Each structure stands twice: as C-alpha cells, then as structure tokens.
1. For the range 206-214, check the following and say yes or no: at least one residue is among the polar types (S, T, N, Q), outside the structural domain of Ser39 (by TED's automatic domain parsing) and touching a residue at least 24 places away in the same chain (Cβ under 8 Å).
2. Which count do you get for residues in the range 15-52 that are touching a Ser or Thr at 6+ places or on another chain (Cβ under 7 Å) and assigned to a strand (DSSP E or B)?
3. For the range 310-357, enumerate the residues that are of a type in the set (Ser, Thr, Tyr), touching a residue at least 60 places away in the same chain (Cβ under 8 Å) and closer than 30 Å to Gly50 by Cα.
4. Please work out which residue is surrounded by the fewest Cβ atoms within 10 Å (Cβ to Cβ), limiting yourself to the range 157-198 and to residues that are hydrophobic (A, V, I, L, M, F, W, C) and not in a helix (DSSP H, G or I).
5. Scan the range 49-62 and report the pairs whose first residue is within 19 Å of Glu33 (Cβ to Cβ) and whose second residue is assigned to a loop (DSSP other than H, G, I, E, B) and not β-branched (Val, Ile, Thr), with Cβ atoms within less than 6 Å and a gap of 6+ or a chain change.
6. Does any residue of the range 287-309 turn out to be of a type in the set (A, V, I, L, M) and either free of Cβ contacts under 8 Å to residues at least 60 places away in the same chain or in the same structural domain as His450 (by TED's automatic domain parsing) (or both)?
7. Among Ile19, Ile25, which is the only one that is farther than 16 Å from His84 by Cα and of a type in the set (A, V, I, L, M)?
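The values are calculated or read from the model by the stated rules, or taken from the named source; none is laboratory data. Please read these numbers as outputs of a predicted model, since none were measured by experiment. Note: ideal-geometry Cβ built from the backbone for every residue, glycine included; neighbour counts use all protein chains shown.
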Amino acid sequence: MQKRKDFIWKMGGQQGEGIESCGEIMATILAKEGYSLYSQRLFASRIKGGHTTFALRVALEQVMSIGEGVDFLLALDQETVDMHGVEVRDGGYIICDSKVKPDFSKFEGSKVNCLSLPISETAMKQGSLLMRNIVALGMSVALLGFDTKMFKDAIAAKFAKKSQEIVDKNLAAFDDGHSLVMEKLGDVEIDTLPAPGKKDQMFLLGNEACALGAIAAGSRFMASYPITPASEVMEYMIKNMDKLGATIVQTEDEIAACMTAMGGVYAGVRGFTCTSGPGLSLMAESLSMASMAELPMVVIDVQRSGPSTGMATKVEQSDIDAACYNTHGDYAGIVISPTSIEECFYEIQKAFNLAEMYQCPVIFMPDLQQGLNKQSVPTFDLNRVPINRGKMMKEADLPELEQPNYFKRFELTEDGISPRTIPGMKNGLFLSTGLEHNEEGKPAEAPTMHVAQTDKRFRKLETVAD
C-alpha cells in the first residue's frame, strides 16, 4: 500500500474537557519521533465552556500551516460534528461520543466514515469523565495506526506524580479506547504514516520562540501587562527568570509597561514589552516619546482580531497601520513581521539589534496563529544572529567634558545615528526628555533645530532595508 505523506487530526468539544491536553500528548510524542507538526487551537474568549478544537497536522516533511481539510475528526459533542464534519475529506473518519446520540444524516451517501462510540461510558468505567480525552487518545492512535507503547509510556509519565492507581486507570482508559476502534474497524486497513526517524527539532509556541529569541539576544528585562494572545511571552520569561538573573515586572496597565521598559532601555539594558492590539493603542504616546528620545525600545505585538476587544482568541493581521502610523508627529520607527514560528526566534533578535543600531522603537508583529499555536522547527542555532549594540560608546573613549557642556547624545551626524552613552558613564552626561532638543538634549523650539533633528531621525532609517 502507498503510504501517505501527511494527515490532519482534529478533536472538538467544550473547553475544560481535556481536548487540548489530548492533542498536546499526541503532538509531544510524535515530535520526539521526528514527525513534522503544525497545531492549531481554536477556543472561545472565556475560561471554561464554549466550543473549542485542537487540530494537528502530522507530516514527514516540514509543514508551515495547518493545511486544509481533516482526515480524522473526534467529536465529544454534536456541535463539533455540525461545525467541522464538512471539513472531513472523502475516506476520512468521524468518531463521535455515542452519549450525545450523534446525527450523521448529512453524511449519508458520502464517502465519510461515521462511527458512534461510547467515549463517556468507557471513561466512566474507569471512574471519571475526566478520562474521556485519554479514551479519545486511544481511539486516535488506533485510527492512525501508531504503535501504542510510546503513548502508554507518555501517559504513565504524565500521571506518575499522582498515584499508581491513577496511572493504571488512565492506561486502562487508553487501552479501552484503542480496542473499541480496532474492533469496529475489523479487517479495514488504515493508510498509516511511516516513521520518519528522529530529528533534532523543537515543538513550541511562537510566543515561546519570541521569548527564547529575546533571551538569546541578551534581554534580561521585561515589563508587561497580560493580554491574550501575548501573555505566554511574559509567562515563559517568568518561568525562567531565576535561571537568567532576569527581572520581569507585571505592571498595572500597558502604558506603564511601555514606560517601564523604556526606563530599562534608557538605563542601558535590552528591555522590551509585549502586548496585542488594544495595548498597542495605549502605548502610542509612549512610543512617540521613545522615537523623540531615540530609545532602542522593542515591543512585541501579537495581533488578534479587532477593533476594540474584538475577538480576543481569533487571528487577524489588523495592527499594521497602528504599528506604522498610530503615533503623533513625525515618528521614526521600524516594524518587522515574522512569517513563521522559526522566524519568531531569529527575527526578534534582529529586532533588538536594529533597535540599538538605529536607536529607535522596533515593533515586532507575529499574529495569534503564530503566537498561540505550536510548530515543529529545527533546533535553534544560538550563534546565528550576533549581538550588535550599534554606536554604544565605551567610557574610556569619551573625551573630557568641560562644564557646562553636555555630551552630544543627539549629534547631527551624516548617517543620522548619534553616538550613545548610558547614565553613569563619566563624560557621557546628557539630557533626555520628550521635548524637541538640541544635540545635547536640551529643549530647543527653534524651527531650524526641529527640522534638523527631525531630518536626522529619518535619515538614520534610510539604510535599514540594507
């Protein structure tokens, strides 16, 4: 039989029914086996309840999207059948919990195989409906033709901290689900996916890739306010701050987050913040100040659907105009949009470099699809993007200042990029505010200086593309 190159598996039901954990177990195991994966979570904007799905594309070669259609749909409720049954390809399978008395009438005469199996009843045999996802996992493994050992080992490891009784019940639930499908299929031969051989790869969220990239870029300071779908960046940083000697500040709102990160940048560290559309709107005035003060500020904006609160858990690339033109005055900044989860790691490092090379705000714009979904990617090369701090002066190279002169932090240079010092550097004293200024940073409102400084701020961006 000719082997397939990929398939798409999807599970759906209500939030809180273990759908995501079922998909995560399957994905984690298959990633370790060397399969290339792309996952997609769709969920309602609430803590519990509401329709949710977890889709997983499994392939032999690297895939960059979830793809189209579904080969295997596992439904814990009728809503999943009604909403996603139309996605199932000819020859594909729908398994629905018999407890909901599924209506498959719309598939009569089609080439879609519909199975009503006792998922809830089988879970209750082991004592809890919470095991429905493990029963479903067993059914999925049977339908996909994978070896059961690696999945049973993973289940045992997952529940090992609880008790042996819990481990045994979950293993029994997995076996029961597997047996139900095998008995139902009988002699039907499933077109399985061959094992590709183990690869040196990672399986992670785009948000996690952004956080790892920031760490690799040397950032050890983050100020942020939680917002879907960007919160995982801060959560990842918090989990690892002790190992890094990092400081993470959860502020009272997005304005404070941006200003606090700007303070860190002014002090000389590679600081950043993370938000989504509504937060980016609130940061507009602060980013104008960062442009005026030429602070190398990085903002990660994980885009979601707007305007306003919009649809916080749905993808939309709707912040581009806001990132480019949202601030007042002649704002000079850089906007970068990654095209994959792998690029989230490498391009955020370039964002930190560009911010310091051109001394301006850089807005980094993944979207919800990248930020909240996982993809398998080749293990990251930590040395691929060397750190470049631009025209950061060394104290030993600074000429003596004679009072009352300040260091020319905003010197009108030919390339538009001024030498930079940080507070505490001997002979590096300068003034920095949100006001228009002369070369030393002192407020200056003469039209000639305003034009000269504005031209300088834009002149430095002429070589960004190169």
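1. Yes, some residue in the range 206-214 is among the polar types (S, T, N, Q), outside the structural domain of Ser39 (by TED's automatic domain parsing) and touching a residue at least 24 places away in the same chain (Cβ under 8 Å).
2. 4
3. Passing the criteria: Thr313, Ser340.
4. So the residue we want is Val188.
5. Arg57/Gly67; Val58/Tyr35; Leu60/Lys5; Leu60/Pro196
6. no
7. The conditions single out Ile25.
Yes or no, residue by residue, for (1) buried (at least 19 other Cβ atoms within 10 Å of the Cβ); (2) under 21 Å from the mean Cα position of the chain (by Cα); (3) not assigned by TED's automatic domain parsing to the domain that holds Met150:
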{"residue": "Leu37", "(1), (2), (3)": "yes, yes, no"}
{"residue": "Phe43", "(1), (2), (3)": "no, yes, no"}
{"residue": "Gly50", "(1), (2), (3)": "no, no, no"}
{"residue": "Phe54", "(1), (2), (3)": "yes, yes, no"}
{"residue": "Val58", "(1), (2), (3)": "yes, yes, no"}
